[in-house]
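Everything on this sheet refers to the single structure shown next.
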Amino acid sequence: MDVFHPLEQVPDRHRGGAVAIGNFDGVHLGHLALIDAAKAVTANPDVSGPAGVLTFEPHPRSLFRPGETAFRLTTVESKMAALARTGIAFTAIADFDREFADLSANAFIERVLVEALVAKHVIVGSDFRFGRQRAGDIPALEAAGRTFGFGVTALDQVSDEDGFYSSSRVRQHVAAGEMREAATILGQPWEIQAVVEDGDKRGRTIGFPTANLRLGELIEPLNGVYAVGVKVDDPDGPVIGGVANFGRRPTVNDRGALLEVHLFDIDRDLYGKTLWVSFIDFIRGETKFDGLDQLKAQIAADCETARTILAR
């Protein structure tokens, strides 16, 4: 998949196609429906270019609600990796700054869809709004399509018996440690991407070396222990099983939220490496132990539980 940032860099060979529009945070099954529709539209002889995605960085919520608790499901890198797996030809990233947010609905259509992308078909969710103060809606988009010569598909939201698939719903499950439920909406386990930082090496002294990760702008899962699958430096590389603890390590009185990942059956230097960690299932909540011996025994039990979960 080709990535163009800013979107004005989209070359002629990728213009004139079908474009799915959205934030795509998490790249869940609802997002995949938009992308599948974009790919299907390219069979239309009026659509000369490939299927692509238009997304926005940073997430608009960061501009409109600054200082809010970290909420993102994916970093830019992990979002691009997930989009690439869909088979889409390209992703164009619009810089969502104050100037962009202040574009009128008509200016958004003309500058982004017509001039930058030369879109021949646009695929959006049925609740899509655009332009300053969200003034643009589906009827306005369809009217512009008749003027500028592009088609519009507005898809109803994909849902299950519990409601519509949405990034907000995934966030609720992640914050509650409900990783199986999150995976049902995402179509795969929730995955974070972060660089391993130097730590105090305390885990190695008790027989369970860990890679320490900060989640930064990503949403924090429920504090506790998880069975995880880990890839090193390659979002599509081999998966290594492991167990991870997210929290503030009350037994050793450390401060600050940290994800500590212990990989099974492997011993290698991971400092500075990028890890892609998939949260498979929640094992237990964060607990303060009386000492390191009790902590060590519990980690051993957690490892066995995680191995059983991953074997399934």
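The values are calculated or read from the model by the stated rules, or taken from the named source; none is laboratory data. Just so we're clear, the structure is a prediction, and the values are computed from it rather than from any experiment. Positions of Cβ are generated from backbone atoms using ideal geometry, with glycine treated the same way; all protein chains shown enter the neighbour counts.
Residues satisfying the criterion are absent from the range 7-15 (criterion: in a loop (DSSP other than H, G, I, E, B), at pLDDT below 95 and in contact with a strand residue (DSSP E or B) (Cβ under 8 Å, 6 or more places away or on another chain)).
For the residues Val27, Val19, the requirement of being closer than 28 Å to Phe71 by Cα, in the same structural domain as Phe96 (by TED's automatic domain parsing) and touching a helix residue (DSSP H, G or I) at 6+ places or on another chain (Cβ under 6 Å) singles out Val27.
Output yes when any residue across the range 225-240 is surrounded by 14 or more Cβ atoms within 10 Å (Cβ to Cβ), under 26 Å from Pro58 (Cβ atoms) and among the aromatic types (Phe, Trp, Tyr), and no when none is. The answer is no; no qualifying residue exists.
Could you please let me know if Ile138 is touching an Asp or Glu at 6+ places or on another chain (Cβ under 6 Å) and either modelled with pLDDT of 95 or more or among the β-branched types (Val, Ile, Thr) (or both)? It is false that Ile138 is touching an Asp or Glu at 6+ places or on another chain (Cβ under 6 Å) and either modelled with pLDDT of 95 or more or among the β-branched types (Val, Ile, Thr) (or both). Looking across the range 278-293, just one residue is part of a helix (DSSP H, G or I) and in contact (Cβ under 8 Å) with a residue 24 or more places away in the chain, and that is Leu292. Within the range 131-162, the set of residues being in contact (Cβ under 8 Å) with a residue 40 or more places away in the chain and part of a strand (DSSP E or B) comprises Gly151, Thr153, Leu155. The single condition among (1) more than 26 Å from the chain's Cα centre (by Cα); (2) of a type outside the set (Ser, Thr, Tyr); (3) not in a loop (DSSP other than H, G, I, E, B) that Val118 does not satisfy is (3). Considering Asp97, Asp127, the condition of being in contact with a Leu (Cβ under 9 Å, 6 or more places away or on another chain), among the charged types (D, E, K, R) and more than 27 Å from Asp234 (Cβ to Cβ) is satisfied by Asp97 alone. For the range 163-180, residues that are surrounded by 15 or more Cβ atoms within 10 Å (Cβ to Cβ) and either part of a loop (DSSP other than H, G, I, E, B) or in contact (Cβ under 8 Å) with a residue 60 or more places away in the chain (or both) total 10.
Scanning the range 60-115 for residues that are β-branched (Val, Ile, Thr) and either under 20 Å from the mean Cα position of the chain (by Cα) or on the phi > 0 side of the Ramachandran plot (or both) yields Thr69, Thr74, Thr75, Val76, Thr86, Ile88, Thr91, Ile93.
Just wondering, is there one or more residues in the range 53-63 that are among the polar types (S, T, N, Q) and part of a loop (DSSP other than H, G, I, E, B)? No, the range 53-63 contains no residue that is among the polar types (S, T, N, Q) and part of a loop (DSSP other than H, G, I, E, B).
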